[in-house]
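Structure record follows, encoded as structure tokens.
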Amino acid sequence: MTRQCVGCETERVPEEKGRRRVVQSGIISEEIRTWVRSELWNQVPVSISVIDRQFRIVEANRMFAQNYGFWQDRLCYNVYKGRTEHCERCAADLTFSDGQIRVREEMGVVRDGQQTYYVVHLVPLVRPDGEIPYIIEASTDITATKKLEQEKLVAERLAAVGQTVAGLAHGIKNVLMGLEGGMYVVRSGMEKGDGERIFRGWQMLEENISRITTFVKGFLEFAKGKTPKVQLVDPNRIARKVVELFKDTASIAGIELRADLEEGIPFALMDEEGVHTCLANLVSNALDACEISDKGNHHVTLATRETEGSLIFEVADDGAGMDYDVKKKIFTTFFSTKGSGKGTGLGLLSTRKIVQEHGGKVSFESGEGAGSVFRLEFPRDRLPRTGNDAGKDV
């Protein structure tokens, strides 16, 4: 018996030794296969079951029996979830139909009646002729992880409440100072019989009452929110309406407001009023940024385009821009750079909330003195669906 090695030299291996090596390799391979068949099935820390086309469990491992109890010839939805009827959005049904491997997060009931969360992998067993007689379901319990997520959510909500209360207190304190100032001017004007001073103090009171009204209404709208009214809308139509809304305001301030809209953008499932609010917030901010800039001949551009399956709105200005500290705070509750009496600090926060409800994201680029670009990106495959489509599997 010979073996060819590197360098084209022949190494002789004793025939008996070679036979022993082959036999030994065969014994090891068979030992592994035997252990996998007899032990691994029951040793893995995952609940595994095999279901047929009638959704009956025909085989299961030890972990499955420990978690779900008696399973022989029972229906999977009865064992996993305690249901008496077939699941409405059954992933196994889809896998039997198309042979695709699926991963789903599900909620079920274990043998002691406790609610459980698990991630299940569905793998079809495909015969040579393409028939799928069985599906193997391997589920991992993620109940502890879900509990941690819920605790984290509660902690975040409590933190948000604290931040909100602090912001409200700060904002109301500023308004109260304005009211006190107005009252002082009115009182002193009355004492001196100065009508002009009384009128100036009254204006201060009106301005601050208007501020607190706007402040509270904005906060309530943000906190309460509203149910998005999703329908097929023309993105360019929304953009044109926003440009038309601010055209006169921009002209009076000496700012050129432009629309750069890509033609032929398909309609999209969106809440038209919500997206209009987002764009109006961004255009309003852009105009304010131009007004406080020292440079002249300002421009604000609202653009639309479609890129790689995403619908994009952009609002660009050549105004004051933002420094590092401001950029870190722009999505903070009640933070505003507009100065006393102009902003509530909820515009960008509301914009981000609405965009996220549409499955999108907000990004921006800005430099001090170099203007800003705010971008709303909506991947079409993540846009909300209408009521008729909401329950469909994708």
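The values are calculated or read from the model by the stated rules, or taken from the named source; none is laboratory data. Remember, it's a predicted structure, so these values are computed and weren't measured experimentally. Because the Cβ atoms are built from the backbone with ideal geometry, glycine has one as well, and the counts that use them run over all protein chains shown. Heavy atoms of the whole protein, side chains included, go into the accessibility calculation; ligands, DNA and RNA do not. Shrake-Rupley method; radii C 1.70, N 1.55, O 1.52, S 1.80 Å.
Filtered by the rule that a residue be touching a Pro at 6+ places or on another chain (Cβ under 8 Å) and open to solvent by 20 Å² or more (accessible area, probe 1.4 Å), the range 355-367 gives a lone residue, E357. Out of all the residues in the range 59-73, which are touching a helix residue (DSSP H, G or I) at 6+ places or on another chain (Cβ under 9 Å) and surrounded by 17 or more Cβ atoms within 10 Å (Cβ to Cβ)? Once the filter is applied, which keeps residues that are touching a helix residue (DSSP H, G or I) at 6+ places or on another chain (Cβ under 9 Å) and surrounded by 17 or more Cβ atoms within 10 Å (Cβ to Cβ), the range 59-73 yields A60, N61, M63, F64, Y68, W71. Limited to the range 92-121, what total is found for residues that are surrounded by 13 or more Cβ atoms within 10 Å (Cβ to Cβ) and part of a helix (DSSP H, G or I)? The total comes to 5. Select from the range 74-89 the residues that are part of a loop (DSSP other than H, G, I, E, B) and basic (K, R) and write down the one among them that is surrounded by the most Cβ atoms within 10 Å (Cβ to Cβ). The qualifying residue surrounded by the most Cβ atoms within 10 Å (Cβ to Cβ) is R74.
Within the range 297-313, take every residue that is surrounded by 15 or more Cβ atoms within 10 Å (Cβ to Cβ) and of a type in the set (S, T, Y) and give me the one that is farthest from L279 (Cα to Cα).
Our first condition is that a residue be surrounded by 15 or more Cβ atoms within 10 Å (Cβ to Cβ); within the range 297-313, this holds for 298-304, 306, 310-313.
Filter once more, so that each one left must be of a type in the set (S, T, Y): 301, 304, 310.
On the way: T301: 11, T304: 11, S310: 17 Å.
Ranking the candidates gives S310 first.
Just checking, how many residues over the range 362-383 are of a type in the set (K, R) and over 22 Å from V300 (Cβ atoms)? Let's see the steps before the verdict.
Going through the range 362-383, the residues of a type in the set (K, R) turn out to be 375, 380, 382.
Right, trim to over 22 Å from V300 (Cβ atoms) and you get 380, 382.
The number of residues fulfilling the criteria is 2.
Working only within the range 122-143, note down all residues that are in contact with a strand residue (DSSP E or B) (Cβ under 9 Å, 6 or more places away or on another chain) and either of a type in the set (D, E, K, R) or open to solvent by 50 Å² or more (accessible area, probe 1.4 Å) (or both). Step through it out loud before you land on a result.
At the first step, the residues of the range 122-143 found to be in contact with a strand residue (DSSP E or B) (Cβ under 9 Å, 6 or more places away or on another chain) are 122-125, 132-143.
If the condition is that a residue be in contact with a strand residue (DSSP E or B) (Cβ under 9 Å, 6 or more places away or on another chain) and either of a type in the set (D, E, K, R) or open to solvent by 50 Å² or more (accessible area, probe 1.4 Å) (or both), then V123, L125, Y134, I136, E137, T140, D141 are the ones that fit.
Residues that are within 18 Å of D317 (Cα to Cα), open to solvent by 90 Å² or more (accessible area, probe 1.4 Å) and not in a helix (DSSP H, G or I) within the range 257-294 comprise R258, D260, I292, D294, listed in sequence order.
Would you confirm whether any residue within the range 107-126 is under 15 Å from Y77 (Cα atoms) and of a type in the set (D, E)? So far as the range 107-126 goes, no, none of its residues is under 15 Å from Y77 (Cα atoms) and of a type in the set (D, E).
Considering the range 223-233 alone, what residues qualify as being modelled with pLDDT of 90 or more and buried (at least 17 other Cβ atoms within 10 Å of the Cβ)?
First pass over the range 223-233, keeping only residues modelled with pLDDT of 90 or more: 231-233.
Listed by number, the list holds a single entry, V233.
Yes or no, residue by residue, for (1) touching a His at 6+ places or on another chain (Cβ under 6 Å); (2) closer than 20 Å to D294 by Cβ; (3) at pLDDT 60 or above:
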site	(1), (2), (3)
G321	no, yes, yes
K328	no, no, yes
T333	no, no, no
K338	no, yes, no
S350	no, no, yes
K361	no, no, yes
